[in-house]
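Undergrad: Pasting in a structure now, in C-alpha coordinates, and then I'll have a few things to ask.
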(Lines give C-alpha, C1' and ligand atoms only; values in the text may rest on other atoms or scores of the structure.)
Protein backbone atom coordinates (compact mmCIF):
# COMPACT_ATOMS: atom_id res chain seq x y z
CA UNK A 1 0.00 0.00 0.00
CA UNK A 2 1.19 3.49 -0.78
CA UNK A 3 -0.18 6.83 0.38
CA UNK A 4 0.91 10.44 0.35
CA UNK A 5 1.27 11.61 3.93
CA UNK A 6 1.97 15.30 3.26
CA UNK A 7 3.68 17.37 0.58
CA UNK A 8 5.97 14.98 -1.24
CA UNK A 9 6.26 12.54 1.67
CA UNK A 10 5.11 9.07 0.64
CA UNK A 11 4.58 6.11 2.94
CA UNK A 12 5.13 2.64 1.50
CA UNK A 13 3.75 -0.40 3.38
CA UNK A 14 4.31 -4.03 2.50
CA UNK A 15 2.95 -7.05 4.41
CA UNK A 16 5.48 -9.86 4.53
CA UNK A 17 5.71 -11.22 8.12
CA UNK A 18 8.10 -14.07 7.24
CA UNK A 19 10.67 -11.80 5.54
CA UNK A 20 14.05 -11.10 7.11
CA UNK A 21 14.81 -8.04 4.98
CA UNK A 22 12.71 -5.85 2.68
CA UNK A 23 14.06 -3.11 0.43
CA UNK A 24 12.16 -0.47 -1.53
CA UNK A 25 13.60 -0.21 -5.05
CA UNK A 26 12.50 1.97 -7.96
CA UNK A 27 13.34 4.53 -10.58
CA UNK A 28 13.69 7.09 -7.75
CA UNK A 29 16.96 5.34 -6.76
CA UNK A 30 18.07 4.17 -10.21
CA UNK A 31 16.74 0.64 -9.53
CA UNK A 32 19.70 0.02 -7.23
CA UNK A 33 19.22 -3.33 -5.51
CA UNK A 34 20.72 -1.70 -2.39
CA UNK A 35 17.35 0.08 -2.21
CA UNK A 36 15.89 1.84 0.78
CA UNK A 37 15.70 -0.48 3.80
CA UNK A 38 12.19 -0.86 5.17
CA UNK A 39 11.45 -1.13 8.90
CA UNK A 40 9.55 -4.16 10.19
CA UNK A 41 6.51 -3.52 12.37
CA UNK A 42 5.23 -5.96 15.00
CA UNK A 43 2.22 -6.91 12.84
CA UNK A 44 4.45 -8.20 10.01
CA UNK A 45 4.21 -5.08 7.86
CA UNK A 46 7.29 -3.32 6.54
CA UNK A 47 7.26 0.47 6.16
CA UNK A 48 9.38 3.21 4.61
CA UNK A 49 8.79 6.93 4.07
CA UNK A 50 10.41 8.90 1.26
CA UNK A 51 10.12 12.52 0.19
CA UNK A 52 9.88 12.67 -3.59
CA UNK A 53 9.39 15.51 -6.07
CA UNK A 54 6.04 15.71 -7.86
CA UNK A 55 5.70 13.07 -10.56
CA UNK A 56 5.07 9.42 -11.33
CA UNK A 57 7.46 6.70 -10.16
CA UNK A 58 7.76 2.97 -10.74
CA UNK A 59 8.87 0.69 -7.90
CA UNK A 60 8.94 -2.82 -6.43
CA UNK A 61 9.67 -4.42 -3.09
CA UNK A 62 12.69 -6.71 -2.78
CA UNK A 63 12.06 -9.17 0.07
CA UNK A 64 14.83 -11.65 0.82
CA UNK A 65 16.02 -11.46 -2.80
CA UNK A 66 12.55 -11.90 -4.36
CA UNK A 67 10.70 -9.12 -6.24
CA UNK A 68 7.10 -8.17 -5.37
CA UNK A 69 4.57 -5.76 -6.85
CA UNK A 70 2.26 -3.55 -4.80
CA UNK A 71 -1.23 -4.14 -6.21
CA UNK A 72 -2.64 -1.56 -3.76
CA UNK A 73 -0.51 1.25 -5.25
CA UNK A 74 -1.66 3.72 -7.91
CA UNK A 75 -1.50 1.10 -10.65
CA UNK A 76 0.90 -1.07 -12.62
CA UNK A 77 2.98 -0.20 -15.69
CA UNK A 78 5.23 -2.13 -18.02
CA UNK A 79 8.92 -1.52 -17.43
CA UNK A 80 11.95 -2.80 -19.33
CA UNK A 81 12.02 -6.01 -17.22
CA UNK A 82 8.31 -6.61 -16.62
CA UNK A 83 5.55 -5.04 -14.59
CA UNK A 84 6.19 -2.41 -11.91
CA UNK A 85 4.00 -0.73 -9.31
CA UNK A 86 3.32 3.00 -9.68
CA UNK A 87 3.15 5.82 -7.15
CA UNK A 88 1.95 9.32 -8.06
CA UNK A 89 3.25 12.29 -6.07
CA UNK A 90 1.23 15.48 -6.26
CA UNK A 91 1.96 18.92 -4.87
CA UNK A 92 -1.62 19.10 -3.62
CA UNK A 93 -2.16 16.17 -1.25
CA UNK A 94 -5.58 17.58 -0.31
CA UNK A 95 -6.80 16.61 -3.80
CA UNK A 96 -6.00 12.96 -3.13
CA UNK A 97 -8.59 10.60 -1.69
CA UNK A 98 -8.57 10.80 2.10
CA UNK A 99 -6.74 7.57 2.84
CA UNK A 100 -4.84 6.89 6.01
CA UNK A 101 -1.97 4.47 6.04
CA UNK A 102 -3.32 1.96 8.50
CA UNK A 103 -2.35 -1.62 9.20
CA UNK A 104 -4.43 -4.18 7.32
CA UNK A 105 -7.50 -5.54 9.08
CA UNK A 106 -6.83 -8.84 10.79
CA UNK A 107 -8.69 -11.84 9.49
CA UNK A 108 -10.17 -14.03 12.17
CA UNK A 109 -10.01 -17.70 11.32
CA UNK A 110 -12.29 -20.16 12.96
CA UNK A 111 -10.68 -23.53 13.71
CA UNK A 112 -11.90 -26.33 11.43
CA UNK A 113 -13.32 -28.20 14.45
CA UNK A 114 -15.51 -25.17 15.31
CA UNK A 115 -16.84 -25.06 11.75
CA UNK A 116 -17.82 -28.71 11.93
CA UNK A 117 -19.59 -28.23 15.28
CA UNK A 118 -21.65 -25.37 13.81
CA UNK A 119 -22.60 -27.43 10.77
CA UNK A 120 -23.95 -30.38 12.81
CA UNK A 121 -27.71 -30.40 13.47
CA UNK A 122 -28.82 -29.98 17.08
CA UNK A 123 -29.81 -33.19 18.83
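Undergrad: All but one of (1) out of contact with any helix residue (DSSP H, G or I) (no Cβ under 7 Å at 6 or more places or on another chain); (2) modelled with pLDDT under 85 hold for residue 74; which doesn't?
TA: That leaves (2) as the condition not met.
Undergrad: Residue under question is residue 115, and the condition is that it be at pLDDT 95 or above and either part of a strand (DSSP E or B) or surrounded by 10 or more Cβ atoms within 10 Å (Cβ to Cβ) (or both); does it hold? Let's see the steps before the verdict.
TA: On the way: at pLDDT 95 or above: no; either part of a strand (DSSP E or B) or surrounded by 10 or more Cβ atoms within 10 Å (Cβ to Cβ) (or both): yes.
The answer is no for residue 115.
Undergrad: I'd like the full set of residues that are touching a helix residue (DSSP H, G or I) at 6+ places or on another chain (Cβ under 7 Å) and surrounded by 16 or more Cβ atoms within 10 Å (Cβ to Cβ), limited to segment 1-41.
TA: 4, 35, 36
Undergrad: Is there a residue being in a loop (DSSP other than H, G, I, E, B) and at pLDDT 95 or above anywhere in segment 2-17?
TA: So in segment 2-17, the residues in a loop (DSSP other than H, G, I, E, B) come out as 7-8, 16-17.
Next cut, at pLDDT 95 or above only: 16-17.
Yes, segment 2-17 contains at least one residue that is in a loop (DSSP other than H, G, I, E, B) and at pLDDT 95 or above.
Undergrad: If I filter segment 32-41 down to residues being part of a loop (DSSP other than H, G, I, E, B) and at pLDDT 95 or above, which single residue comes out as farthest from the chain's Cα centre (by Cα)? Reasoning before the result, please.
TA: Going residue by residue through segment 32-41, those that are part of a loop (DSSP other than H, G, I, E, B) are 32-35, 38, 41.
The next check asks that each one be at pLDDT 95 or above; those that pass are 38, 41.
Values: 38: 11, 41: 13 Å.
Of everything passing the filter in segment 32-41, 41 is farthest from the chain's Cα centre (by Cα).
Undergrad: Under 6 Å between Cβ atoms, at least 6 apart or on separate chains: pull out the pairs that start in segment 51-63 with a residue that is more than 21 Å from residue 80 (Cβ to Cβ) and end on any residue that is buried (at least 19 other Cβ atoms within 10 Å of the Cβ) and modelled with pLDDT under 95.
TA: Hits for this filter: 54/89.
Undergrad: When segment 57-71 is examined, which residues are found to be outside any loop (DSSP other than H, G, I, E, B), surrounded by 13 or more Cβ atoms within 10 Å (Cβ to Cβ) and out of contact with any helix residue (DSSP H, G or I) (no Cβ under 9 Å at 6 or more places or on another chain)?
TA: Residues of segment 57-71 that are outside any loop (DSSP other than H, G, I, E, B), as a first pass: 57-63, 66-68.
Still in the list and also surrounded by 13 or more Cβ atoms within 10 Å (Cβ to Cβ): 57-63, 67-68.
Of everything in segment 57-71, those that are outside any loop (DSSP other than H, G, I, E, B), surrounded by 13 or more Cβ atoms within 10 Å (Cβ to Cβ) and out of contact with any helix residue (DSSP H, G or I) (no Cβ under 9 Å at 6 or more places or on another chain) turn out to be 60, 61, 62, 63, 67, 68.
The values are calculated or read from the model by the stated rules, or taken from the named source; none is laboratory data. What you are looking at is a predicted structure, and each value in this text was computed from that prediction instead of being measured. Don't worry about glycine lacking a Cβ; one is built from the backbone with ideal geometry, like all the others, and counts go over all protein chains shown.
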